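Notes follow once the structure below has been shown.
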Protein chains: 2
Amino acid sequence: MSASEPALRFEISARESSGPARCGRLHTRRGTLETPVFMPVGTAGAVKTLHPDEVQKLGFSLILGNTYHLMLRPGAERIAGLGGLHRFMGWTGSILTDSGGYQVFSLQKIRHIREEGVEFRSHIDGSTHFLSPERAIDIQQKLGSDIMMALDECPPHDAGAAYHAASCQRTTRWAARCLAVRRPGSGALFGIVQGGLDRVLRRAHLSELAAMPFEGLALGGLSVGEGPERMAEVVSEIAPLMPADRPRYLMGVGEPRDILMAVRAGIDMFDCVLPTRNARNGSLFTRQGRIQIRNSIHAGSDRPIEEGCGCPACQRFSRAYLRHLFLSNEILGHRLNTLHNLHFFAAFMADIRRAIREDRLEAFTSDFHRTFDSSRGEERFG
Amino acid sequence: MSASEPALRFEISARESSGPARCGRLHTRRGTLETPVFMPVGTAGAVKTLHPDEVQKLGFSLILGNTYHLMLRPGAERIAGLGGLHRFMGWTGSILTDSGGYQVFSLQKIRHIREEGVEFRSHIDGSTHFLSPERAIDIQQKLGSDIMMALDECPPHDAGAAYHAASCQRTTRWAARCLAVRRPGSGALFGIVQGGLDRVLRRAHLSELAAMPFEGLALGGLSVGEGPERMAEVVSEIAPLMPADRPRYLMGVGEPRDILMAVRAGIDMFDCVLPTRNARNGSLFTRQGRIQIRNSIHAGSDRPIEEGCGCPACQRFSRAYLRHLFLSNEILGHRLNTLHNLHFFAAFMADIRRAIREDRLEAFTSDFHRTFDSSRGEERFG
């Protein structure tokens, strides 16, 4: 990358008149996409169950790859030797990779943190590995990531004030080390703001990272069990303070309700396993709320998951058939459910962008809470 | 169906000059297909892992559905209420259904046979069911099958001469009962020749069934553990004696080697779970023999499964990626492997048909044994 050819460009294309929500265009090395954007998760080099052409046809041109999973299997050097992650998995769109930190720090009993980095044992075979800021960038560069994430320490939300403060300081030191080793020509690099639920700490950490030459900033350590209300308090206060000229990414979110809350606070990017994982559990999104396809009320239903839905599942197959596939543990069921749920998320984000452009996000939000968010009873009792 | 509109028409389009092999065109109620034909198995209302459009694009227009599985889940009446099996599973091609007999008779400890039919317990929930010739036809008609199979008794190949003889007699009586209850307008009906490895008994049973108004005849009770040589002895002697103007179907076969042997004996139709099941086990067919994709020799291979293969897996993905998906238990791996193996079978059958039309089936067979069939070492030692 030369000075005249940045790894990432971001332009705001529309703003809400009465709040921080905005639409933008994100130009990566591999293409342009509209924000706010949702990224399907391709944990192990595949968006689970789907062919890359299917992901693209659903309207996605940016997916997330997991550094932790890929470094363990098949290994970053292996993927580099095969031409990088895009070629390996046959994906021509853009890829954002996380730093591996989140997964590693969740291995509470089998990891050891020190200033240099974190040592951990593989969940696959128990082998020992070491992840440092330098190694996290090295791996992401080897994968050929278009948007890399700096290695952060991601403590539990209830870790205590002193731990969170020390963790933010370490994350800042690690952020500087990540920036220092990034090679010219590699992908963009985002920093990750930590600080748990302590908004003073979050503000301070944001100030530190905002002063560093990251192409974008993320909020980490949220949606980790603290509950939607407490997450909303942090996001609503911190997101509007994030540099407005750079993309803002809320990691690991998530629920349509939480995405909408965060967009209204000015967030541009999201990722979550929710649509793909729920699909494999038979939990399907509709605009009237979720349905659980294994529920016996669908046994004789000739209706699609959602009337009027343009997804490949709804275009051809009945709830009765999808229920049958689910009960029979047929892989095709997982595929069709995944296509439907990701289509729902793509359409949801498109609706949000349209509402911002037409400056009616508040009305959109009221509609949403009246329909989708108030009627999830079947999910619980089905 | 009226007298002028048969449920099935079959015409021979080419014959080998020095043997009983032939090419034909089979016209079902839903379309025309070329024989010799291989039918992918859609056990539970789906060719495992694949969307019906993928099955069609691979070149298949006839698949097999399992009466046993579908009668238990979701049930024949349920499928009938939803418009039949074609609509239920979104398949516009033709469907042949087995009678359920083979699966039921393999439930040795939880079934009871009497003249009226066979009582058995479901492998899913232990519930008791009854399958008679009349019920087998009733179910297949409810599914909307294009080619139905008469209920046969399918003993183990080593059941003993007296048992086999009695079983053939019962199968003939059941065959008559199936013909008696078939409704006008329903699909074609095939009878199933039994007799184990006793060629005298096979000839006698064939004579009985050939005299009945079936639209086609099948050889059942083969490829059930007797070994390829003993199967070949029966098929080579019996298949050429089957009525030449009707399609001949060898049930549950199978191995490319066995398909080729049977085509050379005059068989027109085949079905087997081999390509789809092997795919899910990582065993992939190539013209040079099978490979086991989990083998470590593929870990760094940028090559496709087979050079020059036009299947969706080989067009985009490396052996290294497919190995990674397999080891990661990613559903996409099962899909891509299935696409490849079924493509192999479709191409294999097309090659056989071409060899018959060009009257060079013997040379084709020699080539086949020199390449594919002599080099399956990796499969065993990989």
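Brief remarks follow.
- Any chance B:Arg357 is more than 19 Å from B:Gly42 (Cβ to Cβ), of a type outside the set (Asp, Glu) and away from chain A (no Cβ under 14 Å): yes
Residue-wise test of (1) under 30 Å from B:Leu361 (Cα atoms); (2) more than 13 Å from chain A (Cβ to nearest Cβ); (3) surrounded by 24 or more Cβ atoms within 10 Å (Cβ to Cβ).
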residue	(1), (2), (3)
B:Gly266	yes, yes, no
B:Pro275	yes, yes, yes
B:Ser283	yes, yes, no
B:Thr286	yes, yes, no
B:Arg294	no, no, no
B:Glu307	yes, yes, no
B:Pro312	yes, no, no
B:Gly333	no, no, yes
B:Asn337	yes, no, yes
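- Residue in the range A:338-359 that is outside any helix (DSSP H, G or I) and modelled with pLDDT of 95 or more present: yes
- Within the range A:78-99, the set of residues being assigned to a loop (DSSP other than H, G, I, E, B) and either closer than 9 Å to A:Leu143 by Cα or within 13 Å of chain B (Cβ to nearest Cβ) (or both) comprises A:Leu82, A:Gly83, A:Gly84, A:Gly90, A:Trp91, A:Thr92.
- Scan the range B:175-220 for residues that are surrounded by 15 or more Cβ atoms within 10 Å (Cβ to Cβ) and either in contact with a strand residue (DSSP E or B) (Cβ under 8 Å, 6 or more places away or on another chain) or among the β-branched types (Val, Ile, Thr) (or both) and the total you get is 26.
- B:Arg30 being over 23 Å from B:Leu151 (Cβ atoms), in contact with a Ser or Thr (Cβ under 6 Å, 6 or more places away or on another chain) and free of Cβ contacts under 8 Å to residues at least 40 places away in the same chain: no
- Some residue of the range A:192-199 being in the same structural domain as A:Arg25 (by TED's automatic domain parsing) and in a helix (DSSP H, G or I): yes
- For A:Ile124, the requirement of being away from chain B (no Cβ under 14 Å) and surrounded by fewer than 20 Cβ atoms within 10 Å (Cβ to Cβ) is not met.
- Residue within the range B:3-22 that is surrounded by fewer than 17 Cβ atoms within 10 Å (Cβ to Cβ), among the β-branched types (Val, Ile, Thr) and over 21 Å from A:Arg316 (Cβ atoms) present: yes
- Residue in the range B:179-191 that is without any contact (Cβ under 8 Å) to a residue 40 or more places away in the chain and assigned by TED's automatic domain parsing to the domain that holds B:Leu241 present: yes
- Summed over the range A:6-52, residues that are at pLDDT below 95 and within 14 Å of chain B (Cβ to nearest Cβ) total 1.
Rundown of residues vs (1) under 30 Å from B:Arg323 (Cβ atoms); (2) over 17 Å from the mean Cα position of the chain (by Cα); (3) basic (Lys, Arg), yes/no style:
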position: B:Pro228; (1), (2), (3): yes, no, no
position: B:Met242; (1), (2), (3): no, yes, no
position: B:Tyr249; (1), (2), (3): no, no, no
position: B:Arg287; (1), (2), (3): yes, yes, yes
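- Considered as a group, the residues in the range A:83-104 that are surrounded by fewer than 23 Cβ atoms within 10 Å (Cβ to Cβ) and modelled with pLDDT under 95 include one that is nearest to B:Leu336 (Cα to Cα), and that residue is A:Gln103.
- Taken together, the residues in the range B:58-77 that are within 24 Å of B:Leu339 (Cα to Cα), within 14 Å of chain A (Cβ to nearest Cβ) and among the hydroxyl-bearing types (Ser, Thr, Tyr) amount to 0.
The values are calculated or read from the model by the stated rules, or taken from the named source; none is laboratory data. The model shown is predicted, which means the values in this text are computed figures rather than measured ones. Cβ: placed from backbone, ideal geometry, glycine included. Neighbour counts: every protein chain shown.
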